[in-house]
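Each value in this text was obtained by applying a stated rule to the coordinates, not by laboratory testing. This structure is a prediction, so every number in the text was calculated from the model and none was measured. Glycine also receives a Cβ, built like all others from the backbone with ideal geometry; neighbour counts cover every protein chain displayed.
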Amino acid sequence: MSINSTNIESISRLENILIIGSGGRENSLAWAIQKNELVKKVYLVPGNAGSERINKCERIKIDIDNKIELVEKLNFFKIDLIVIGPEIPLANGLADFLRKKNFKVFGPGKDGAKLEYSKSWAKEFMREANIPTANFWKVNSLEKAKDIINSSSSPLVVKADGLASGKGVYIPDSKEECFKAAESIFNGKFGNSGDIVVLEEKIEGPEVSVFALCDGEKFILLPSAQDHKRLNEKDKGPNTGGMGAYSPAPLLTEDYLDTIISEIIEPTINELNRKNIDYKGVIYFGLMVTKSGPKVIEYNCRFGDPECQTIMPLMDQNFLLLLEKCAMGKLIGNEKIDTFDMVSGCVIATSKGYPYEYKTGFPINIGNVDSTDFQIFDSGTRLGKNGDLITDGGRVLSIVCQDKDFDKVFEKAYKNLKEINFEGIYYRNDIGHQVRKNFSKGH
Ligand code: AMP
Ligand code: GLY
């Protein structure tokens, strides 16, 4: 379980690292980063209650929108590298600002973040670079949307153009539902994010997430992962931020991955370069494996959640050095990430009601868990008055395990989950069903 370190050495001082974000994703990044012996402190802004359980980690309060305070604090804490977790600060140009102030940053500038914050821009980008994706129409009025929906022989996928916390995508079953979806977006359900609507041909196949760490020109791939977006077992119910994941995804054989690299990943990076976008961060390729080959469903400018929690325990201490190389434009591109024969799985425990309305503030009890190759990354927690752990979000805990095979991984994850409780706890019991040989469909 290590990255082949023959050509990975730190380029600069890496004592104090700062991670921006508050979810399970950021806690797992902190967990992987602190493994590096060069690191003295990992600061999380704002982090959550789980952040301080992680070795070397501390939460600090900084208003990242107050640029003067931000620069003062980064200097005060002598921050050597900043990792920006979520899409909103990236879309707001935080990485550009920090780079101008001479900080080392892992995360794209506003121009690169557009891959995520404008779906129509990303679709046009793909069309220009001949990158396989579903056919699409960009519309700016309900009338135009209706014309296209009416003239299409089958229902279309309807998407708000801008950021919508993962909720701006509708997959209607009828034309009637398509109209309603377009109408609610144009009526302001997602604010300005819905000024433009993207209509897409519906494509089919399993989905897989591929992450490329990119230094502007070169890239290396992390192990692939499969997310479980639907709330309920058998992949039913509403879309969520992600209910669990496993990594690597055996669906992506070496040959198939070669196709993805040559048809999707390299053309994406070439097109970024052609547009003079110096992308220093992770590109998340949300792919669908269709009968006619891999297609891009979406790009994100950040790590996936819960894919990140699933992949980070497969990284050894050199992970940090890869982030540093990306931030400095110094990737060689042949750094090998060798996860040996370990695989990883993650199950998300949510509050009852998520992804709709839910209550928080319930105490979390963690009993007698088997902690070997097992991590709990808090997704939405806070500390109560007595220092006890309390639920504080829709997604509450990310339960992550590693082992030699997926059966063992999920056996342990679910055994440990039985030891964890809070009022209204909900999780899917079938995470990893695609790769669990012992999984009984009638479980
Ligand atoms: P997105 O936020 O664009 O990733 O969309 C959320 C989810 O909607 C994806 O993970 C897919 O399951 C589904 N989806 C998005 N676009 C399409 C499409 N063109 N065809 C079929 N399903 C889609
Ligand atoms: N797991 C899906 C996402 O992070 O967007």
For this session: Could you tell me the distance between the Cα centroids of region 204-249 and region 306-324, to the nearest Å?
Result: 15 Å
Seminar exercise, completed: Any residue on another chain or 5+ positions along whose placed amide H is under 5 Å from the amide H of Ser344 is listed here as Ser247
Exercise. For region 384-399, in order, what is each residue's ³J(HN,Hα) by Karplus, 6.51 cos²θ - 1.76 cosθ + 1.60 with θ = phi - 60°, in whole Hz (x at glycine and Pro)?
Worked result: x, 4, 8, x, 7, 7, 10, 5, 8, x, x, 8, 9, 10, 10, 9
Exercise. Rounded to the nearest 20 Debye, what is the dipole magnitude of the chain about its Cα centre when Lys and Arg each give +1 and Asp and Glu each give -1 at the C-beta?
Worked result: 740 debye
Exercise. Residue by residue through region 117-132, which ³J(HN,Hα) values in whole Hz follow from phi under the Karplus form 6.51 cos²θ - 1.76 cosθ + 1.60 (θ = phi - 60°), with glycine and proline marked x?
Worked result: 7, 9, 5, 5, 4, 5, 5, 5, 4, 5, 5, 4, 9, 6, 8, x
For this session: Normalising by the residue count of the chain, find the relative contact order in percent from Cα pairs under 8 Å and 6+ residues apart.
Result: 19 percent
Exercise. Pairs Lys56/Lys104; Lys114/Lys218; Lys229/Lys385: which exceed 30 Å Cα-Cα?
Worked result: Lys229/Lys385
For this session: Calculate I(q)/I(0) for the chain by the Debye formula, one identical point scatterer on each C-alpha and no solvent, and give its log10 at q = 0.09, 0.11, 0.13 Å⁻¹ to two decimals.
Result: -0.56, -0.86, -1.24
For this session: Could you calculate, for region 283-409, the ratio of the Cα radius of gyration to the Kirkwood radius, expressed as Rg to Rh?
Result: 1.03
Problem set entry | Set of aspartates and glutamates near Lys110 by C-alpha distance (under 12 Å), chain-local residues within fewer than 8 positions excluded | Glu87, Asp96, Asp278
Problem set entry | Flagged links, alpha-carbon separation over 18 Å, of Lys41/Lys78; Lys73/Lys325; Lys41/Lys101; Lys67/Lys325; Lys61/Lys352 | Lys73/Lys325; Lys41/Lys101; Lys67/Lys325; Lys61/Lys352
For this session: Go through 137-149, 89-101 and give me the packing order, highest mean Cβ count within 10 Å leading.
Result: 89-101, 137-149
Exercise. Mind listing the phi-derived Karplus ³J(HN,Hα) values for region 191-196, rounded to whole Hz, using 6.51, -1.76 and 1.60 with θ = phi - 60°, and x for any glycine or proline?
Worked result: x, 4, 4, x, 5, 10
Problem set entry | Under 14 Å, Cβ to Cβ, from Lys412 - net charge with Lys/Arg +1 and Asp/Glu -1 | -2
